Structures are given as structure tokens and as C-alpha cells.
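**Q** Dropping a structure here in C-alpha cells format, bear with me for questions.
The values are calculated or read from the model by the stated rules, or taken from the named source; none is laboratory data. Here the structure is a predicted model, which means the values were calculated and not measured. Every residue, glycine among them, receives a Cβ derived from its backbone with ideal geometry; neighbour counts consider all protein chains shown. With ligands, DNA and RNA removed, areas are computed over all heavy atoms of the protein, side chains included. Shrake-Rupley method; radii C 1.70, N 1.55, O 1.52, S 1.80 Å.
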Amino acid sequence: MLNTLYHPYGTGGAERSTQLLAEGLVDRGHDVSVLCTMPEPGWAIEEHGGVTVYYTGLKNVYWPYDKDENPTLLKPLWHAVDSLNPWMQKRVEMATDRVSPDLLHTHNLGGFSVSAWRVADGRSIPIVHTARDYTLLCPKNMFWKKANCEGRCYKCGAFTISRKRQSRRVDGFVGISDFVLRRHESHGYFGEAEKRVIYNPVDIEGANSKVKAGTGGLKLGFLGRLSEKKGIRRMIESIDFQKPDVELYVGGVGNDQHEKKLKVLAKGKPITFLGFVDPTAFFETVDVLIVPSVWHEPFGRVVIEAYAHSVPVIAAERGGLPEIVRCGATGFTYDPDDSEALNKHVEAFRRQKTLVERMGEEARKEAEKYDLGTHVGEYANFYNEVV
């Protein structure tokens, strides 16, 4: 497997999903190695959870994965190198020759570039790629100036010519939602590949599945990065906090400047900012999770994490989110451009005291569909089909 980052670097959904899959395959008796980047030069080899991890220093103009803002003037150069990075291709060649894999499964390609596919294809190694976002289509992940990119501008087209061309080398393509898969298809990517939608897994064993009985007051929750594309500003502006006993708990951090603006906006309202928070403790506190993303969220792992804790969800109708929320059963979906739509669902939970409990029960049942064992089995079957 190849992913930009891997444990202990990176704590996002892509890294977690890659690690869960890698270790799950090891548990099934497969021999799994992972290649990822690290900020230091050279090489390091470690073992985590039965997985052999090859860490290699990133060869580009700077290391972009540990700060909010990178050198503006160098960004175009970084992305140009990352279109087809010959120096990282050498690193992939070295690791591939050492491991001699039966199959290469790529995830996030940032740092390595699509040159990894050239290496595997040149050695007749079957390739599976999982798209976890839209970076193959657009360096800005199809979100620019506080809005979704409905199409691709000429700059994105220029930066991604090699990515689109090289995608013809891929034998199996997986989208983490149908929305992600169709968006890549619509731009002509992976034309030669077998295709499959395989949703991300969630480790639900440690979740507190005790269903909450609707008691006095309604505790709403937001869990994620405090950024414009996650929609938290719009959510705070939309919710009618004049209604009695409605509180909001915010878990997560963001850019310092944006976070300060949010706290000014929240002043005088029953909103508690928790910062970094343990998800289990967070979901034990809240009755309903709101996922107000303005961006076309590729999947929405936090939705399934809420389900595992028997917490229903109100989610924006963006990206893959509507695929995993059963409206009227595990929660509701709404147009994030319509503030009244969000309030309507909040009011439904506030007025109907049994709704939290009833939907919480359905949510917990729904979480079972994203069990890790099922997820690993789907990938193992797809690998065999591709090979």
C-alpha cells in the first residue's frame, strides 16, 4: 500500500482508514507493507500492527503536512513537481523492488505523485487506487473562495494532465462514496479500470452504544476541523438559540484566526468550544450531531462514528453525506444554504422527546454496515477480481 502519511504521521480519515485496512488484511493472513512519506530525509523501517512500514523523506521544495499555511510563492512549484515527481518515483522503485508485491494499492498520492503508477505498471504489478478526496482533479480539492468548484478551471486542467493520463494504468478504482466515484468518471479518469464503491470502515467495538433517552434540553454537537468548508460558521449563524434548552458543543480546532472569529460569533450564545476532545466522551455528551459541510464531503466518517455511539445525525446535502444518512430513520439531511431547513430538524428533535432515542437505535444498527471485517472482505474480493 502507498499513502502520503501513515501512523504516527497524520491523524486524518485517510490515514486512519488506510491503517485499519492494512491491519485488517494482516489479520486475514496477508503480508502487507506500506510506503509513506516523512519530514526527515532518508529512510526508516518500522512495524505497526503486523504491517511493515517504509518511511521515506519527501523530495519536493518543502514539507507541507504540519502547518496551516505554506510558502505562497512556492505552492505552484510544489504542485508542478507533484504532478509527476521523478525523485519520488525512484523511492517507489526501491521499495517495490524490495517488497515484490502481488498488487499495489494506492490511496492519497500527495508527495509521491502518480509516478507510483508508472513504477507498478512497468513491472506488470496490478494497481488498485482508492480516491478519498478530489486532489487528482484539483489542487484545491474542488473548493475555492468559500465555494465548491462546479467545474475545473484551466489551471487545474494544466496541473492534472499527467494525473488523468496516468490513471489509464490503474486496473481497479474505488470511490469511498458513489459521489466521489462518479465525479472522477465525469472528468474522464480511470477509463480502463474496474470500478467499485467501498465505504470507509469505522472501528465500532469501543463505542458506547447505550441509547440516550430524550431528557430535558437538546444538546447539539459538531465534531471536526473548524474551517470554512466544514460549514461551522453557517451552522452557528443558522441555529435559533432563542429556543429554550438548545445548546451546542463544538469539538475540534482550526486556524487560529478563523477560530477567533467563530468565538466572537458565538459570544452570548449557549455554545461551548471543547478543543481537542476524545470522541467517546464527546458522543456521550451530545444528543444529536450536526455535519454542516459546505464542501462536497467525500464520505463523512464522523457520521458513522456518531451512529456507533447511538447518536442520530443532521447532515448537509453535500457530496457523499446523503448516501450514509437515512433521512427520517438515522437522522435528517438539509440544504446548508437554507438556514430554516436546519432549524426545522433541530426543532423536530427539541419537540419530540422520543426522537433522539428512536433514531439513536436505528443509527446503531446502521453502524454495523460499516464493520471493519466487512470492509476488509470487500477489498480482498476486489483485489482478487482485479488480479
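**Q** Residues in region 1-45 near a label at W87, defined as backbone nitrogen under 11 Å from the 7 Å Cα→Cβ point?
**A** Within reach of a label on W87: 41-42.
**Q** I would also like to ask the following. Mind checking the dipole of region 150-240: about its Cα centre, +1 per Lys or Arg Cβ, -1 per Asp or Glu Cβ, Debye to the nearest 20?
**A** With only Lys, Arg, Asp and Glu charged at Cβ, the dipole is about 360 debye.
**Q** Taking the Cα atoms of region 306-387, report the difference between the largest and smallest coordinate on each principal axis, in whole Å and largest first.
**A** If we take the Cα atoms of region 306-387, the spans are 53, 28, 14 Å.
**Q** Just order 235-243, 262-270, 219-227 by mean Cβ neighbour count inside 10 Å, highest at the front, would you?
**A** Answer by packing, highest mean first, reads 219-227, 235-243, 262-270.
**Q** Ordering D256, D102, D121, D287 by how much accessible area each has at a 1.4 Å probe, largest first, what is the list?
**A** Putting D256, D102, D121, D287 in descending order of accessible area: D102, D256, D121, D287.
**Q** Let me ask something else about it. Work from the charge dipole of region 257-338 (Cβ charges, +1 for Lys and Arg, -1 for Asp and Glu, about the Cα centre) and give the residue of V325, P298, F276 farthest towards its positive end.
**A** It is F276.
**Q** Shifting gears a bit: Over the chain, what is the relative contact order in percent, taking alpha-carbon pairs closer than 8 angstrom and at least six residues apart?
**A** With pairs under 8 Å counted, the relative contact order is 14 percent.
**Q** Rounding to the nearest 20 debye, state how big the charge dipole of region 235-384 is about its Cα centre with +1 on each Lys and Arg Cβ and -1 on each Asp and Glu Cβ.
**A** Using only the charged Cβ atoms, the result is roughly 340 debye.
**Q** Where both partners of a DSSP beta bridge lie in the chain, what percent of those bridges are antiparallel, to the nearest 5?
**A** That works out to approximately 15 percent antiparallel.
**Q** Follow-up question, since we're still on this one. Place a +1 charge on the Cβ of each Lys and Arg in the chain and a -1 charge on the Cβ of each Asp and Glu, then give the dipole magnitude about the Cα centre in debye, rounded to the nearest 20.
**A** Here the size comes out at about 1280 debye.
**Q** If you don't mind, another one. Given that compact globular proteins tend to follow 2.2 N^0.38 Å, what is the ratio of the alpha-carbon Rg of region 343-387 to that value?
**A** The reported ratio for this selection is 1.92.
**Q** Shifting gears a bit: Using only the Cα atoms, what convex hull volume per residue in Å³ does region 124-282 have?
**A** Considering the Cα atoms of region 124-282, their hull volume per residue is 169 Å³.
**Q** Under the rule of at least 5 residues apart or a separate chain, name every residue whose amide H is placed under 5 Å from the amide H of S227.
**A** Amide H neighbours of S227, under 5 Å, 5+ apart: I232.
**Q** Still on this model: Given a Förster radius of 41 Å and the C-beta distance between Y62 and K353 as r, what FRET efficiency does 1/(1 + (r/R0)^6) yield to the nearest 0.05?
**A** Calculated transfer efficiency: 0.15.
**Q** Between A158 and V387, what is the spin-label point distance in nm, taking each point 7 Å from the Cα along the Cα→C-beta axis?
**A** 4.3
**Q** Moving to a separate point now. Considering only protein heavy atoms and a probe of 1.4 Å, how much of the accessible area of the chain is carbon and sulfur, as a whole percent?
**A** The C+S portion of the solvent-accessible surface of the chain is 49 percent.
**Q** Of V253, G217, G188, which is farthest along the charge dipole of region 187-274 in the positive direction, counting Lys and Arg as +1 and Asp and Glu as -1 at C-beta?
**A** With unit charges placed on the Cβ atoms, the residue in question is G217.
**Q** Now for a different question. How much length is gained on full extension from T272 to W43, taking 0.36 nm per residue of separation minus their Cα-Cα distance?
**A** The T272-W43 span can extend by a further 78.1 nm.
**Q** Report the Stokes-Einstein translational diffusion coefficient (µm² s⁻¹, integer) for the chain, Rh taken as the Kirkwood radius over Cα pairs, at 20 °C with viscosity 1.002 mPa s.
**A** Estimated via Stokes-Einstein, D reaches 98 µm²/s.
**Q** Just to check I understand the Karplus step: with θ = phi - 60° and J = 6.51 cos²θ - 1.76 cosθ + 1.60, what whole-Hz values come out for region 20-36, glycine and proline as x?
**A** Karplus-based 3J(HN,Hα) across region 20-36 equals 4, 5, 4, 5, x, 5, 4, 4, 8, x, 8, 9, 10, 10, 10, 10, 8 Hz.
**Q** From largest accessible area down, sort D371, D66; use a 1.4 Å probe on the protein chains.
**A** Largest accessible area first, the residues go D66, D371.
**Q** Then there is this: Ignoring everything but the protein chains, give the 1.4 Å probe accessible area of W43 in square angstrom, nearest 10.
**A** So the heavy atoms of W43 present about 100 Å² to solvent.
**Q** Using 0.36 nm times the number of residues separating N208 and V26, minus their current alpha carbon distance, what extension gain do you get?
**A** Full extension of this stretch gives 62.8 nm more.
**Q** Next question, about the same structure. With n ≥ 4 as the cut-off for DSSP H runs, can you work out [θ] at 222 nm for the chain, using -39500 (n - 2.57) per run divided by the number of residues, rounded to the nearest 500?
**A** Helix-only estimate at 222 nm: -10500 deg cm²/dmol.
**Q** Continuing with this model, one more query. Hey, can you find the accessible area per residue of region 283-373 for me, probe 1.4 Å, expressed in square angstrom?
**A** Per-residue accessible area for region 283-373 comes out at 34 Å².
**Q** If I fit a long axis through the Cα atoms of helix 256-266 and take the longest principal axis of the Cα atoms of the chain, what angle between them do I get, 0 to 90°, rounded to 10?
**A** It is inclined by approximately 20 degrees.
**Q** Tally the DSSP beta bridges in region 1-131 and give the antiparallel ones as a percent, rounded to 5.
**A** 35
**Q** Taking Cα atoms, how many degrees apart are the long axis of helix 339-351 and the longest axis of the chain, rounded to 10 and kept between 0 and 90?
**A** 60
**Q** Counting only other residues whose beta carbon sits under 14 Å from that of P86, what net charge do I get with K and R as +1, D and E as -1?
**A** +2
**Q** Specify the angular offset, from 0 to 90 degrees and rounded to the nearest 10, of the alpha carbon long axis of helix 86-99 from the longest principal axis of the alpha carbons in the chain.
**A** Result, in degrees: 80.
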